[in-house]
Amino acid sequence: TGRQNVTMAGHLLGCSSEEIEELMPRIERFAEIGPYFDQPTRVYSSGMHMRLGFSVATARQPDVLIVDEALAVGDAYFRVKCYQRIKELRDRGAALLLVSHSPSDIVTHCERAILLREGRIAADGSSRVVTNLYLDQLFGKPEAPAAEDAEDQTADLSAFVQGDAEAFSARPGYNKEEHRWGHGGAAILDYLTISGGEKYPSRVEGNALTDFYFKVRFERDFDAIVPGFLIKTLEGGFLYGTNSYLSSEGREMLAAKAGEVKVFRFTMPLALNEGHYLISFGISSGQGGGELTPLDRRYDSVLVHVGRASPFWGMVDLQASFGVAEAGSANS
């Protein structure tokens, strides 16, 4: 049964029978598998096995906690509980060794990452840098960004749309530590940010409607293309991402011809807390609802400073409203 497995696992971890008996209620509460705790584990789902194993492993304060893909299964609610406990253990001095294929999990919970390829260490460094290399390994090879003289930064939008020069790396806010990769066939040439009527603002007010333009030159014909956009924290945490397929109500598909230059725009209120954020642009081929082939992706390529419009906790302003429901009244 689950209870018997807890007892055996506790002894293997060096606990005495008295310690196991003392920890048992805490383990049972955290696992939240109800009457299955006293049923044979052979009837457990993979998620129930994970719940029980994680509850045992974290019942005491470990020196090192090894989590090997365990959090890839189970419901979202329990994963939140697990991450909260991991944070508590780390705050109390435990070291975490996390094995995962989720870049977001790695950058959120780890300061250092190691990328393995065919059983050998392919990269070892900060979590954000290594996860970018991992994405490159999965989807494409990086291209060296070209840098040419930019157009006049005071040019209006029409001039931006009409130009076809490579000017990305000369624009205000460009992050020279960007990670550029893709299979080729298209190249992101330039970008433009407009907020409050100002081009390339040094600071964007929180919740201000902001336009992000980026320009792409196509080197061959594509029946279906998908421009994309992503916002991350400086630590690499994913805050928001979308693409033309997800953003269009009619799921409109776009095409491109060889030699054609197109300008794409994503418009949104930056409902973020005060701070600096990284913007990524991408262009892919394929049907929006299926597998996409990255042509050119410029990850973490633009640094944006967001000011605070109103005080709140956290990173994203969900613009909650508040009221008081008086007794005997339906109004709030």
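Here, each number is a calculation from the coordinates, and none is a lab measurement. In this text the structure is predicted, and so the values were computed from the model without any measurement. Here Cβ is always computed from backbone atoms with ideal geometry, including for glycine, and neighbour counts include all displayed protein chains.
Directionally averaged projected area (segment 142-307, Cα convex hull): 9.2 nm². Spatial offset of segment 199-220 relative to segment 19-82 amounts to 45 Å, using the alpha carbon center of each. The dipole here belongs to the chain: it is taken about the Cα centre, uses +1 on the Cβ of Lys and Arg and -1 on the Cβ of Asp and Glu, and is about 540 debye. Descending by average beta-carbon neighbour count within 10 Å, the peptides 27-37, 118-128 line up as 27-37, 118-128, the highest first.
Residues within the reach of a label modelled at GLN84 (point 7 angstrom out along Cα to beta-carbon, backbone nitrogen below 17 Å), restricted to segment 16-41, are 26-33. Across all directions, the average flat footprint of the convex hull enclosing the Cα atoms of segment 177-252 is 6.9 nm². Considering every alpha-carbon pair of segment 201-288, the percent of pairs per 5 Å bin, from zero through the bin containing the longest distance, is 3, 12, 22, 22, 17, 12, 9, 3, 0. Report the antiparallel proportion of the DSSP beta bridges in segment 142-307 as a percent, rounded to a multiple of 5. The answer is about 95 percent antiparallel. Only the Cβ atoms of Lys and Arg (+1) and of Asp and Glu (-1) were treated as charged; on that basis the dipole of segment 160-317 about its Cα centre amounts to roughly 160 debye.
For the chain, the alpha-carbon coordinates run over 76, 66, 38 Å along the three principal axes, in decreasing order. Over the C-alpha trace of segment 2-99, radius of gyration and Dmax come out as 12.9, 36 angstrom. Annotation: lysines with alpha-carbon distance below 23 angstrom to LYS199 (same-chain offsets under eight excluded): LYS176, LYS215, LYS232, LYS262.
Shown is the FRET efficiency for VAL99 and ALA327, computed with R0 = 56 Å from the Cβ-Cβ distance and rounded to the nearest 0.05: 0.60. Backbone phi angles across segment 116-124, fed through the Karplus curve with coefficients 6.51, -1.76 and 1.60 (θ = phi - 60°), yield HN-Hα couplings of 9, 9, 6, x, 10, 6, 9, 7, 8 Hz in residue order; Gly and Pro are listed as x. In this structure, VAL43 and MET268 have a Cβ-Cβ separation that, at R0 = 41 Å, corresponds to a calculated FRET efficiency of about 0.30.
In a fully extended conformation the segment linking SER248 and SER202 would gain 13.6 nm over its present Cα-Cα distance, using 0.36 nm per residue.
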